[in-house]
Amino acid sequence: MDNNIKANDIHKKVIFSGIQPTGKITIGNYLGSIKNWIPMQEEFDSIFCVVDMHSITVNQIPAELRKNTYDLLALYLACGLDPQKSILFVQSHVPAHAELAWVLNTITYVGEMNRMTQFKDKSRKHADNINMGLMDYPVLMASDILLYQTDLVPVGIDQKQHVELARDIAQRFNNRYSPTFVVPECYTPKIGAKIMSLQEPTAKMSKSDENENAVVTMLDDKDAIMRKFKRAVTDSDTEVRFDVENKPGVSNLLSIYSCFTGKTIEQAQNEFSGKGYGDFKIKVAESVIEGIAPIQSEQQRIAKDKAYMDEVLKDGAMRACRIAYKTLDKVYKKVGFIPKIR
Ligand code: TYM
């Protein structure tokens, strides 16, 4: 770790991550992020956010956004994020995110933002709504990360470019005004950092995919999961072998199986050697069903308990604000704003 500053050397390292409450959360989201956060809570000072402000960069139906926000919090809790161990909150409850983003905007170049792969993809997808928020989104994400003096950002591979931008912005601010931010590192899991579409295994599995068969969501029932895996695109060969270049479909299924069973890719490969794709697909589907069934029932239970979720969010926002405003106060002072009379 080559961070310029350690916020507090005697404390645990800090992790921060978040998910947008849009659409249905996929097993790609789960394997690339939440699943890895659970054990990390034990080792790190952990902060997990439902990033609702990011969501409105594409059109949302307000009532749906509210429901999705609660549902995602319920999923966090159902997966095992523990409000006693981690800070869990909703981004819009901590105004410092938007406030810091404004300052960071002034040291970020339009050219940098134009190079962001996700901005280019989303601009193509939402050609009728290329708004400033869509372009500015990675700066808001940098603000999320830097406010908490984050050491490590656990995400899927698709977010790596954004974390790298956050590093550049942190370094730039530190150089211009004096050391202020920890320079964060990106953490991606060895397996599961990029789960691919079941129908087009060279493309990422994505919440916004219109082809239902391409995506397994955390809400899918047993039958839907089995059906989708049985229909998963593989190849005309018969060998179950991990080879991303030549066998992307099979390799994706092996990764999913490995993540849900805890077996290594090699163990999984051996298990299916000499067996056909039919058996293999059924076993992968069963591992997913078994892995997410307990999460689903717990999520449904928690989602009914609004009072409990509101309690978690209130406490989370209070704790998050305490840390965030400490950083924001420093930033405001360094850029030359006069201190607020409190
Ligand atoms: P979002 O909501 O698109 O995705 C949430 C998390 O899921 C990961 N992910 C995947 N991992 C593996 N395979 C896939 N197919 C797959 N699809 C998505 C993402 O990498 C991510 O970790 N900008 C972020 C949210 C965000 C954030 C932050 C993250 C906002 N501020 C600060 C970390 C720190 C996003 O849109 O993720």
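Bear in mind these aren't lab numbers, they're just calculated from the coordinates by the rules spelled out. Because the structure is a prediction, the values reported are computed rather than measured. Here the Cβ is made from the backbone with ideal geometry for all residues, glycine too, and neighbour counts use every protein chain on show.
Quick notes on this structure:
- Per-region count, segment 258-296, residues among the hydroxyl-bearing types (Ser, Thr, Tyr) and either in contact (Cβ under 8 Å) with a residue 60 or more places away in the chain or more than 29 Å from Leu73 (Cβ to Cβ) (or both): 4
- Residue count, segment 81-101 (criterion: of a type in the set (Ser, Thr, Tyr), more than 13 Å from the ligand (Cβ to nearest atom) and more than 16 Å from the chain's Cα centre (by Cα)): 0
- Pairing residues of segment 103-122 that are under 13 Å from Ile169 (Cβ atoms) with residues that are assigned to a helix (DSSP H, G or I) and away from the ligand (no atom under 14 Å from the Cβ), at Cβ distances under 8 Å and at least 6 apart in sequence or on separate chains, gives Val103/Val331; Val103/Tyr332; Val103/Val335; Leu104/Phe173; Ile107/Arg172; Ile107/Phe173; Ile107/Arg176; Glu112/Asp168.
- Residues of segment 134-150 that are over 13 Å from Lys122 (Cβ atoms) and part of a helix (DSSP H, G or I): Val139, Leu140, Met141, Ala142, Ser143, Asp144, Ile145, Leu146, Leu147.
Rundown of residues vs (1) in contact with a strand residue (DSSP E or B) (Cβ under 8 Å, 6 or more places away or on another chain); (2) not in a helix (DSSP H, G or I), yes/no style:
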residue	(1), (2)
Gly23	no, yes
Thr57	no, yes
Gln60	no, yes
Leu75	no, no
Leu81	yes, yes
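- Figure legend. Inter-residue proximity from segment 15-32: first residues within 15 Å of Ile145 (Cβ to Cβ) and touching a residue at least 12 places away in the same chain (Cβ under 8 Å), second residues more than 7 Å from the ligand (Cβ to nearest atom) and aromatic (Phe, Trp, Tyr), beta-carbon distance below 8 Å, spacing 6+ or different chains. Indicated pairs: Ile15/Trp37; Ile15/Phe44; Ile15/Tyr187; Phe16/Phe48; Phe16/Tyr148; Ser17/Trp37; Ser17/Phe48; Gly18/Phe48.
- Looking only at segment 15-33, and only at residues there that are near the ligand (Cβ under 6 Å from one of its atoms) and among the hydroxyl-bearing types (Ser, Thr, Tyr), the one that is nearest to Met53 (Cα to Cα): Ser17
- Segment 151-198, subset assigned to a loop (DSSP other than H, G, I, E, B) and of a type in the set (Lys, Arg), residue nearest to the ligand (Cβ to nearest atom): Lys194
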